[in-house]
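Enquirer: One structure, as structure tokens, below. Some questions next.
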Amino acid sequence: MSDEPARWTQATVYPDMWTDPDDDPRESEGPGPEGELATLQDFLKNYRITLRMKCDGLDAEQLAHRSSPPSTMSLLGLVRHLAEAERDWRNWFSDGDPLPKLYGRRDADFDGAVAEQAVVDAAYVDLEREQAATDAALAEHPDLSERAGKDKIAVRELMVHRIEEYARHCGHADLLRERIDGRVGQ
């Protein structure tokens, strides 16, 4: 007898998918986005949706569960971490004083991811607020070649890094979710 959950998927069309194409909010009809900025924004949007999908249907205890010891990562910790990252990215292209950390000391985003519904709710509010604030700040810099902030970071570099960070953590979310309830799929 194993304590590992049985692997399963909600998809019926393609068994290696998370959900069926008709139910996938990342799928869209017609041609893809036009231009580099629109393409980068589309990839970022889809990775953000993927992270939310990997968390859907889980309760606070499951979201906070560190399912791959000795790692301290949890799905809730990833949500909190990405909220913190969004805030930090605004610091990259700001000329002002850095924004304070959301959760305090280093690794508090993961360490404070406890199995309480209020913590889960706050994490989602934080993530949505920080994403919207970073998106709004970047909208003021539509030229991807522009360099901004004290360190003169290229807007393109920041956009690509955001996509890379979400993509990497969506990979972590795949493994964490499978260890929690056995659900698989891309």
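Enquirer: Using a 1.4 Å probe on the protein chains only, how many percent of the accessible area of segment 83-154 belongs to carbon and sulfur?
Expert: Roughly 52 percent of what the probe reaches on segment 83-154 is carbon or sulfur.
Enquirer: Within the chain, what is the number of lysine pairs with alpha carbons under 24 Å apart, leaving out pairs fewer than eight places apart on the same chain?
Expert: So the count of such lysine pairs works out to 4.
Enquirer: Using a 1.4 Å probe and ignoring any ligands, DNA or RNA, find the accessible area of HIS141 and quote it in Å² to the nearest 10.
Expert: Approximately 40 Å² for this residue.
Enquirer: What relative contact order, as a whole-number percentage, does segment 1-98 give when Cα pairs under 8 Å and 6 or more residues apart are counted?
Expert: Here the relative contact order equals 11 percent.
Enquirer: When only C-alpha pairs under 8 Å and at least 6 residues apart count, what is the relative contact order of segment 78-186, in percent?
Expert: Computed over segment 78-186, the figure is 31 percent.
Enquirer: Considering only PRO142, PRO69, PRO31, give the residue with the highest GNM mean-square fluctuation for the chain, with springs between Cα atoms whenever their separation is below 10 Å.
Expert: In this elastic network of the chain, the residue with the biggest mean-square fluctuation among PRO142, PRO69, PRO31 is PRO31.
Enquirer: Next question, about the same structure. Could you please put ASP59, ASP109, ASP22 in sequence from largest to smallest accessible area, using a 1.4 Å probe?
Expert: ASP22, ASP59, ASP109
Enquirer: Suppose every Lys and Arg Cβ carries +1 and every Asp and Glu Cβ carries -1, with no other charges. What dipole size does segment 57-174 come out with about its Cα centre, to the nearest 20 debye?
Expert: Dipole size: approximately 320 debye.
Enquirer: Given the options ASP174, ASP97, ASP23, which has the most mean-square fluctuation in a GNM of the chain, springs set between C-alpha atoms less than 10 angstrom apart?
Expert: Result for the chain, Cα springs under 10 Å: ASP97 fluctuates most.
Enquirer: Provide the descending list of Cα extents for segment 23-110 along its principal axes, expressed in whole angstroms.
Expert: 43, 40, 19
Enquirer: What number, in percent, do you get for the relative contact order of the chain if the mean sequence gap of Cα pairs under 8 Å and at least 6 apart is divided by its residue count?
Expert: 34
Enquirer: When the Cα centres of segment 146-185 and segment 100-143 are compared, how far apart do they sit, in Å?
Expert: First find each Cα centre; the distance between them is then 14 Å.
Enquirer: Next up: Any idea what angle helix 75-92 forms with the longest principal axis of the chain, computed on alpha-carbon atoms, 0 to 90 degrees, nearest 10?
Expert: 10
Enquirer: What residue among SER94, SER68, SER145 has the largest mean-square fluctuation in a Gaussian network model of the chain, using Cα springs under 10 Å?
Expert: SER145
Enquirer: Roughly how many Å² of LYS150 are accessible to a 1.4 Å probe, to the nearest 10?
Expert: For LYS150, solvent-accessible area is about 120 Å².
Enquirer: Something else about it: Determine the dipole magnitude for segment 31-109: charges of +1 sit on the beta-carbon of Lys and Arg, -1 on that of Asp and Glu, nothing else is charged, the reference point is the Cα centre, and the result goes in debye to the nearest 20.
Expert: With only Lys, Arg, Asp and Glu charged at Cβ, the dipole is about 260 debye.
Enquirer: Now for a separate question. Residues with amide H under 5 Å of ARG183's amide H, sequence separation 5 or more or different chain, H placed in the peptide plane at 1.01 Å from N; which?
Expert: HN-HN under 5 Å from ARG183: TRP8.
Enquirer: Continuing with this model, one more query. Return one whole number: the accessible area per residue of the chain in Å², for a 1.4 Å probe.
Expert: Accessible area per residue: 56 Å².
Enquirer: How much FRET efficiency would the formula 1/(1 + (r/R0)^6) give for ASP22 and THR72, where r is the Cβ-Cβ distance and R0 is 35 Å, rounded to 0.05?
Expert: The formula returns an efficiency of 0.40 here.
Enquirer: Could you list which residues have their amide H under 5 Å from that of ILE153, counting only those 5 or more apart in sequence or on another chain, with H placed in the peptide plane?
Expert: ALA148
The values are calculated or read from the model by the stated rules, or taken from the named source; none is laboratory data. Model, not experiment: these values are computed from the prediction. For neighbour counting, all protein chains shown are included, and Cβ atoms are generated from backbone atoms with ideal geometry for every residue, glycine included. Areas reflect the complete protein model, heavy atoms only, side chains present, ligands, DNA and RNA absent. Shrake-Rupley method; radii C 1.70, N 1.55, O 1.52, S 1.80 Å.
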